[in-house]
Amino acid sequence: MTGLVIHHIGLSVHDIDKSADWYSRLFDLTLVAEFEEPAPMKIFFTPQGQAIDMRQDPNVSPERFTQENVGLDHVGFICADREELDGWLARLREFGAEESGIQESPFGLHLNFRDPDGIPLEFFLPATAVAS
């Protein structure tokens, strides 16, 4: 086995056009497919080849996402070095995103933020990369 590698993330969103614009600008995504049935859906690829799928299900809860429900808590993206993490912080601030600033833990450095639906995301620099 090659190990666990995430191929794609599928997100339920309230406003597919708003979320698609936000994610595609933040992550430099390319739209590769778009469907209207059974519900509006857009599929994007990152420059590295991972996919982010967005779906606007007509039955999606009208409430903002919370990690206090069973299911997803957050999605973390790894950074190669402190410079990359600082770059993401600057980019998030340009976007006016809700973000935590860079926080330190025994595991490394964390930059937590939320998308337009309140879905928690994180940029992470492992402690081993901080020390080098």
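So the values come out like this:
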read-out	value
Answer residue from segment 22-54, given it is charged (D, E, K, R), in contact with a strand residue (DSSP E or B) (Cβ under 9 Å, 6 or more places away or on another chain) and within 23 Å of Leu92 (Cα to Cα) and is surrounded by the most Cβ atoms within 10 Å (Cβ to Cβ) among those	Lys42
Segment 97-119, subset out of contact with any strand residue (DSSP E or B) (no Cβ under 6 Å at 6 or more places or on another chain) and more than 14 Å from Ser19 (Cα to Cα), residue surrounded by the fewest Cβ atoms within 10 Å (Cβ to Cβ)	Pro106
Residues of segment 1-21 that turn out to be open to solvent by 30 Å² or more (accessible area, probe 1.4 Å) and among the aliphatic types (A, V, I, L, M), as a count	5
Pairs, first open to solvent by 70 Å² or more (accessible area, probe 1.4 Å) in segment 71-89, second assigned to a helix (DSSP H, G or I) and of a type in the set (Val, Ile, Thr), C-beta under 9 Å, six or more apart	Arg82/Val130
Test set (1) under 24 Å from His7 (Cα atoms); (2) modelled with pLDDT of 95 or more - Ser100 fails condition number	(1)
Filter result for Phe65 (at pLDDT 95 or above, outside any helix (DSSP H, G or I) and among the aromatic types (Phe, Trp, Tyr))	no
Scope segment 1-39; condition over 19 Å from Val75 (Cβ atoms), among the acidic types (Asp, Glu) and in a loop (DSSP other than H, G, I, E, B); matching residues	Asp15, Glu36, Glu37
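The values are calculated or read from the model by the stated rules, or taken from the named source; none is laboratory data. It should be emphasised that the depicted structure is a prediction, and the values quoted were computed from it without experimental measurement. Neighbour counts run over all protein chains shown; Cβ positions are idealised from the backbone, glycine included. Just so you know, the surface numbers come from the protein's heavy atoms only, side chains and all, with ligands and any DNA or RNA stripped out. Shrake-Rupley method; radii C 1.70, N 1.55, O 1.52, S 1.80 Å.
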